[in-house]
Structure formats: C-alpha cells, structure tokens
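The values are calculated or read from the model by the stated rules, or taken from the named source; none is laboratory data. Because the structure is a prediction, the values reported are computed rather than measured. With ideal geometry, Cβ positions are generated from the backbone for all residues, glycine too; neighbour counts draw on all protein chains shown. Just the protein is used for accessible areas: all its heavy atoms, side chains included, with ligands, DNA and RNA removed. Shrake-Rupley method; radii C 1.70, N 1.55, O 1.52, S 1.80 Å.
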Amino acid sequence: MSTSSGRRLSRGELDILAMLWQRGPLTLREAHEAFDDFGEPVGYTTMQTRLNRLAKKDVVRRSDERPARYEAVLNPAEVGVRDLETLLDRVTQGRLVPLVAHFLTDHRLSPEELAELKRLIVQAEAEAHE
C-alpha cells in the first residue's frame with residue numbers, strides 16, 4: 001500500500017493500523033502490549049520505530065501529550081482504495097478494463113454482484129454523458 005506521499009506500508013505497519021482501528025488511540029506501551037493479538041510479536045523499540053514511521057508517513061497522528069498517544073489517520077476503506085489504486089497503476093498502467101476482465105472471467109460472481117456491477121456501469125455511462 002502506498003500513502004499520499006508515495007511511501008509504501010509494510011505488513012507490520014498495516015497490522016499496527018488494524019490494531020489502532022480496533023483499539024483506538026494507544027500509547028507506545030499499550031500498543032506494544034496489545035500487538036500480539038494483531039501481528040508477529042515485536043520488541044518495544046521496533047514498535048516505537050514503526051509508530052514513528054507511520055506518523056512520518058501521515059498515516060498515524062502522534063499526540064503532544066505525555067505519554068504520547070498514537071491514532072490512525074486513515075480509515076480501513078481509505079487503505080483499501082489506495083491498495084487498489086497502486087495495483088491498478090502497477091499491473092495495468094492505470095487501465096481498468098484488463099483488471100475487471102480478469103476478475104469477471106476468473107471468478108464466479110453472485111447474481112447480486114453482477115447486478116451491482118451493472119448498476120455501476122449504468123451510473124458511469126450516465127455521468128460520462130453529462
């Protein structure tokens with residue numbers, strides 16, 4: 001996943017975001033203690049480094065209070081959208097049709113999913129003609 005500044009997030013950083021989304025703002029100590037439920041156990045200084053990197057990437061906000069609390073800035077949907085944008089750019093050079101064609105031919109879609117895709121296409125056609 002890449003952030004708005006173009007920096008990628010590691011699996012460990014994504015695990016930290018998942019923890020912050022579920023638990024809310026945490027101090028370094030609280031994050032270190034809670035992390036075993038969300039990812040591979042890491043040392044205290046590794047947790048500190050990852051949280052500070054996330055803050056530098058503007059993905060996590062670090063409070064000014066003492067001890068500092070770390071809070072996720074992005075929500076899960078924003079991370080998902082950014083992952084898809086990165087995938088689209090890298091795999092198909094920004095072209096959507098090859099990606100959609102792959103999923104339509106290689107995955108069985110439910111009638112509900114097909115109906116939703118049709119609705120989105122109709123909506124996109126209407127917006128293109130405005």
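A few points about this structure:
- Nearest 10 degrees, 0 to 90: helix 11-23 Cα axis against the chain principal axis: 80 degrees
- In the complete set of protein chains, residue-level accessible area for residue 44 is approximately 90 Å², probe 1.4 angstrom.
- Three-way shape call for region 1-115 based on the alpha-carbon gyration tensor, with the a/c threshold at 1.5: prolate
- Principal-axis tilt of helix 44-56 within the chain, Cα atoms, nearest 10 degrees: 50 degrees
- Of the solvent-accessible surface of the chain, computed with a 1.4 Å probe and all protein chains present, 52% belongs to carbon and sulfur.
- Estimated at 0.36 nm per residue, the fully extended path between residue 97 and residue 118 surpasses their Cα-Cα distance by 6.1 nm.
- Between 0 and 90 degrees, the angle of helix 111-128 with respect to the longest Cα principal axis of the chain falls at about 80 degrees.
- Remark: relative contact order (the chain) = 22 percent; criterion is Cα-Cα distance under 8 angstrom and separation of 6 or more residues.
- For the chain, accessible area per residue (1.4 Å probe, heavy atoms of protein chains only), Å²: 69 Å²
- Zone of residue 68's modelled label, taken as backbone nitrogen in region 14-32 under 11 Å from a point 7 Å along Cα→Cβ: 28
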